[in-house]
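Here's the structure we're looking at; comments come further down.
Any read-out appearing in this document is the output of simple, stated calculations on the displayed coordinates, not a laboratory observation. Just so it is clear, the structure is predicted and the values come from calculations on it, not from any experiment. Reconstructed Cβ throughout: ideal geometry from the backbone, glycine too, with neighbour counts over all protein chains shown.
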Amino acid sequence: MGNLICENGQVKMVSSFSELVSTGFSGMQNAVCWQRNPRGNFKEIAEKLQLKENVTEISQQDLLTLKVSDDGAKAREIILNDLALLTKSGAQPVLNLIKNYERDDAFDFISTDVYSYHVDRSPVATSTFLCTYDGAAGDIIGNDEAIQKILIPEIRENLKKLHQGCADDFETFLTENYFDLHFEAKPNAKPFNLGKRNLWKLSVDHPGHMVLPCIHRAPKENYGEYRLLLIC
């Protein structure tokens, strides 16, 4: 795996899990990456797990009961160790096998599903951790390379028509329905792919945050391939 290079100063690279969790965000930097290329056949794990729904939560027991090769066992050990490290640090990691997420087709003027550039929001100071073990990996984008969809005049006018309430309540309406979390990439934006097996920490929108939340999106899945994703 080649070195990841982000030209806009958004990403801080680290070399261990302890450094990942201890490294804070500052300035334009709102993403931290533990870049790694662990040994193991992660595709074997993804292919042998059973998909029950389009997004299926995988338990540790599901992993442990798989009959895999030596390389598959190495991959499984990495995943289990990641789950243990994150849990010990106070996070609540979830491992998902993904065929596809639900698409948002409720409105023809705005999309608010995870394939749209968006930020995560939390009522408390926390971060989003994620790792794509197999399948397509998502993207992040610089905050200066995107615009909130609710600020795009055409979209904003359509949202006002949808609101049909008191003008004083409009901003609350946008927040309560999560419209304010979604972004449109500017024409010359350069998305940054998160890559496989790297463990990421992304800033989120929460009260008192010191940096802007990290704008990211889920990838379009590769045909005939499931994604194996850890997220919390």
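A few comments on the model shown:
- Fraction in percent of alpha-carbon pairs per bin - 10 Å, segment 131-183: 20, 41, 22, 14, 3
- Whole-Å semi-axes of segment 5-133's equivalent ellipsoid (Cα gyration tensor): 27, 23, 14
- Computed over the alpha-carbon pairs of segment 39-111, the distance histogram in 10 Å steps reads 18, 41, 26, 11, 4 percent, short to long.
- Cα-only Debye scattering, segment 55-196: base-10 log of I(q)/I(0) at q = 0.10, 0.19 Å⁻¹: -0.50, -1.24
- Extension gain, K190-T23: 0.36 nm per intervening residue step, less the Cα-Cα distance, totals 57.6 nm.
- Hydrodynamic radius by Kirkwood, which averages 1/r over all alpha carbon pairs of segment 177-231, in angstrom: 14.2
- Out-of-range pairs (alpha-carbon distance over 20 Å; input K99/K196; K160/K190; K48/K99; K149/K190; K88/K201): K160/K190
- Selection of GluC sites (Glu not before Pro), segment 9-85, meeting DSSP coil and at most 11 other Cβ within 10 Å: E53
- Over the chain: helical MRE at 222 nm, DSSP H runs n ≥ 4 each giving -39500 (n - 2.57), nearest 500: -6500 deg cm²/dmol
- For segment 58-135, a simple Cβ point-charge model (Lys and Arg +1, Asp and Glu -1, everything else neutral) yields a dipole of about 340 debye relative to the Cα centre.
- Longest site-free stretch - the chain; sites: chymotrypsin sites (Phe, Trp or Tyr not before Pro), DSSP loop, at most 12 other Cβ within 10 Å: 1-177
- Take 204-214, 61-71 and order them by the average number of nearby Cβ atoms within 10 Å per residue, most first; the result is 204-214, 61-71.
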